[in-house]
Amino acid sequence: MSARSARPRGPISALFGMLLAAVLAGVMITVGVAPAIAFTGVGAKNGIGLFETLPDDLQIASLQQKTEIYANRGGKPVQIAAFFNQNREVVPWSDIPDTVKNAAVAAEDTRFYQHGGVDPMGIVRAIVSNASGASQQGASTITQQYVKNVCIQEAELLPTPAKVQAAYDECTGGIGRKLKEARLAIGLEKKYSKNQILLGYLNITGFGGRIYGIESAAQYYFHTHTKDLTPAQAASLLAIVNAPEVLRIDDKANIPANTERRNYILASELKHGMLDRAAYDTAIATPVTPRITPTTTGCAQAGSAAYFCDYVVQTILQNPQFGRSAGERYNNLQGAGWKIYTTLDLDLEQQAKSTINTYVPAKSPAGTDLAGAAVTVEVGTGHILSMVQSKTFDDSASAATKGTDYTATSLNYNTDETYGGSHGFQPGSTYKLFTLLDWLKNGKGVYQSVDGTQRKIPFAAFKACGKQLGLGTFDVGNDEGAAENGQMSVYSATARSVNGAYASMAAQLDLCDIRGMATALGVHRADGNELQDNPASILGTNTVAPLSMATAYAGVAGQGQVCKPVAITKVVKTDGQQLPVSTSDCSAGVPKSVAIAAGYALHGVFGGTARGDDTTLNGAFGMVKTGTTDNANQTWEVGGTTKTTTAVWVGNVSGSTNLREVYSFPGCGAQAALARHCIWRDIVGADQAKYPGDATWPTPDPQYLYGQQVTVPNITGLSQKDAAVALAKVGLTAKLGTPVASPRVKKDAVAASDPKPGSVVTPGSVVTIQLSTGPDGGKPGQTQPGTVPDVTKQRLVVALDLLKSAGYANVSDQVTPFATPEGYCYVIGQNPAGGTAAPPETPIALQVIGDPNKCKRG
């Protein structure tokens, strides 16, 4: 019988049915003898649609089966969701017991093993029975019903309900359809064995609603498997096939009718020797007692993993490797019967969900639209280990109409608009990572000093793509205001997240290169637009997704290797073959040495804005950065260990509520702006327990700590203005110190500096200059003593230049042959020692190592 309910018949329709059957009875013989006959008259006048698209040599082909998505727990796959148009699980012949085979034959086609696909005797029997009013019997054989169900299967794949219904009507009515069905049934019998056809029928036929195939029916109605069905259960299930909507037993009102039909089937089994009297009596005495086990389709069933499930679904629907067209990919998801294995760690997922529920309420405080999200990726693979948010997943049409008070949404805040509908959020100072990386890549160091003062900076101080910006002003404010003004190291500026310092850094770089660093580490705008490269962008004004930021920080933790996010590790088809999927896609995002230096600087943030957040790392080396946008509308914390990184966002989905003014959040001091810290600590602690990070981190190369070292020039005797210019030329900053008396230097000229001339320092360092108060007793014509500079450890040519600059020209050197790096000669000792007060004519003796033949040249 059909997979849908039979229509009620009146006397007239019954009479028409008998006449039609009589006509078909005569035609069937012709069909059986000459199955290739062209039914020109009838076929041309009847729209038999999908039947005409079925091949003449119809085969028992693959059926729609539910696709299942799996996560991991304890190293074992656990199903989290299923997708289907038809809830079907195909079973082999070996799993079909006699109870089911007998019930099918007894219910639908007792002469199944005798006829050749079309049963004229069955047609006559049905005419007599229907005419006499004894019972309504169908004339279609099991083979014919299989053919019709193939047609219905094709109809179910059409894109709209209207097209599905129209195609269904074509599959189930009309003389032309019946003739085509008969011809295909005969052809099928010639190609396949009876057992193969019966198996195909049991796997394809409908059992009410979306339940298709005997295995899904057994699981849904009786919470068992086909191989374990009793005679009574098997007969009850096959009874449903006759008229699913009035005989399905998940509606209590249908149980009496189902029992009646079941008993008819059992009696037929007894009559035809398929069941002995004792088994029959036991089955008849057994009440129809269903044990309904619902199976839902979609991600809502995935619980805490629902948003990750939706990300997997979007990945399937948008990736050509899962189908050549959008329609093909959708049909594969809904009916290909794939088993999709994912990266999700259910233990971490559930802990992360519990954590975010602890600190962020699902229902926003009155008048606000706030939420939180967190995602963890594995370093070195890009595998997404957990993905949670404070809302509950709901992709129903009504979810979008319930306003900000609703605790559920279909938007996945962890992902892009393309993969979850979210436009992303401004990441604030977590975006400073990319300025830091470009700073290091340009040979600058984390201990170089920059000006952290909040101030207005002309756009002309910046360049983008090699061009100086035009008119405009970048008004840079610090979170702590003037308290963060002044010179500071980049390391300290990173730890304290000082905006003014990062603006100073960006002014020495190219804004396009900073944007390029973000792109190289997989960051892109969540709304699909291009990343902006204006001055304000360095402070995190682009809207991005937490998954993008977790990926970027994983690139640093991976010492420069950035891996695209991966959610799917394996897709197994129904035949056991695997679809080719990439389990990791990694590349060099930034140089290893640069990433190591950046990780070193990020570790310092645990002593700054993320103070104490490393308490759950249990000794593992960690790196982190916090981010807070203007007026604390969005708050972030991103980082982790050498094995996992986590991005946490808490903020405004819409609106501009200041999270520092919200004190109704549970835990973590109740202030919404602090929630990210507690969430990040707890999630990273759980990650560390399962994926322990390394306890150590490589030491950065010296150039990334101190930059390309510069030598303090000799500014003695220069005016304050000229001294400042001379220092600025080598990247140093002048600071005025206490005046000193100097018999050798005229009043108001530079008498001394700290560090002293010849000292090797980090670019950006501050040099304190002391102006002279004038002579204090020096006699005219008498040369006054100066200070011999320390030139040890310098290359010989540099040492000679420093001494000459200090006024000492009477210099000798003694060279000891020695193989030095790059063949240079180095000063290892001097007499008088550096810092000694001595007049300019004093002889200076240098002890040198290197190649005597090259010493004067290098």
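The figures follow:
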| quantity | calculated |
| --- | --- |
| Pairwise label distance in nanometres, Val766 with Arg73, each label 7 Å out on the Cα-Cβ vector | 5.9 nm |
| Amide H partners (placed H, <5 Å) of Ala741, local residues excluded | Thr773 |
| Beta bridge orientation in the chain: antiparallel %, DSSP, nearest 5 | 75 percent |
| Eligible aspartates and glutamates near Lys191 by straight Cα distance, threshold 12 Å, same-chain separation 8 or greater | Asp56, Asp57 |
| Expected-Rg normalisation [2.2 N^0.38 Å, Cα atoms] applied to region 680-770 | 1.78 |
| Carbon/sulfur fraction of accessible area - region 397-503, other protein chains in place, 1.4 Å, % | 48 percent |
| Distant-in-sequence amide H partners of Ala734 (H built 1.01 Å from N, under 5 Å) | Val767 |
| Per residue accessible area in Å² of region 447-568, where ligands, DNA and RNA are left out and the probe is 1.4 Å | 36 Å² |
| Whole-Å semi-axes of region 456-612's equivalent ellipsoid (Cα gyration tensor) | 35, 19, 14 |
| Added length on full extension, which subtracts the Cα-Cα distance from 0.36 nm per residue, Asn853 to Ser656 | 63.8 nm |
| Length-normalised contact order of region 789-858 in % [C-alpha pairs under 8 Å, at least 6 apart] | 44 percent |
| Kyte-Doolittle at least 1.0, axis length at least 27 Å by Cα - qualifying DSSP helices, the chain | 11-33 |
| Share of carbon and sulfur in the accessible heavy-atom surface of region 147-250 [1.4 Å probe, %] | 54 percent |
| Neighbour net charge for Thr768 - beta-carbon separation under 14 angstrom, K R +1, D E -1 | +1 |
| Local electrostatic count, Lys729, Cβ distance below 14 Å [Lys/Arg +1, Asp/Glu -1] | 0 |
| Cut-off 14 Å between beta-carbons: net charge of the residues surrounding Thr574, Lys and Arg +1, Asp and Glu -1 | 0 |
| Computed over region 226-346: relative contact order in percent, which uses C-alpha pairs under 8 Å that are six or more apart | 16 percent |
| Kirkwood Rh and Cα Rg combined as Rg/Rh, region 707-753 | 0.99 |
| Exposed-loop-free span, longest in the chain, where chymotrypsin sites (Phe, Trp or Tyr not before Pro) count as exposed if DSSP calls them loop and at most 13 other C-beta atoms lie within 10 Å | 114-662 |
| Centre separation in Å (Cα based) which lies between region 174-196 and region 227-296 | 28 Å |
| Amide H partners (placed H, <5 Å) of Gln830, local residues excluded | Gln847 |
| Long pairs among Lys467/Lys729; Lys441/Lys625; Lys76/Lys643; Lys101/Lys163; Lys252/Lys391, criterion Cα-Cα beyond 25 Å | Lys101/Lys163; Lys252/Lys391 |
| Region 184-288: C-alpha gyration tensor shape, a/c 1.5 cut-off, then a/b vs b/c | oblate |
| Estimated Rh, the chain: Kirkwood, alpha-carbon pairs, angstrom | 33.3 Å |
| Solvent-accessible heavy-atom area per residue, rounded to whole Å², over region 295-367 at 1.4 Å | 38 Å² |
| For the chain, calculated [θ]222 nm from helices alone, where every DSSP H run of n ≥ 4 adds -39500 (n - 2.57) | -11000 deg cm²/dmol |
| For region 521-627, diffusion coefficient by Stokes-Einstein and Kirkwood Rh (Cα), 20 °C, 1.002 mPa s, µm²/s | 132 µm²/s |
| Fraction of accessible area attributable to carbon and sulfur, region 719-767 (%, probe 1.4 Å) | 55 percent |
| Calculated FRET efficiency for the pair Asn831/Lys467, C-beta based, R₀ 60 Å, to 0.05 | 0.65 |
| Length-normalised contact order for the chain - Cα pairs under 8 Å, 6+ apart - percent | 10 percent |
| Long pairs among Lys194/Lys573; Lys463/Lys747; Lys353/Lys432, criterion Cα-Cα beyond 32 Å | Lys463/Lys747 |
| Where region 143-233 is the region considered: accessible area per residue in Å², 1.4 Å probe | 32 Å² |
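The values are calculated or read from the model by the stated rules, or taken from the named source; none is laboratory data. All values reported here derive from a predicted model rather than from experimental measurement. We place every Cβ from the backbone using ideal geometry, glycine too, and count neighbours over all the protein chains shown. Surface accessibility is based on the protein's heavy atoms, side chains included, excluding ligands, DNA and RNA. Shrake-Rupley method; radii C 1.70, N 1.55, O 1.52, S 1.80 Å.
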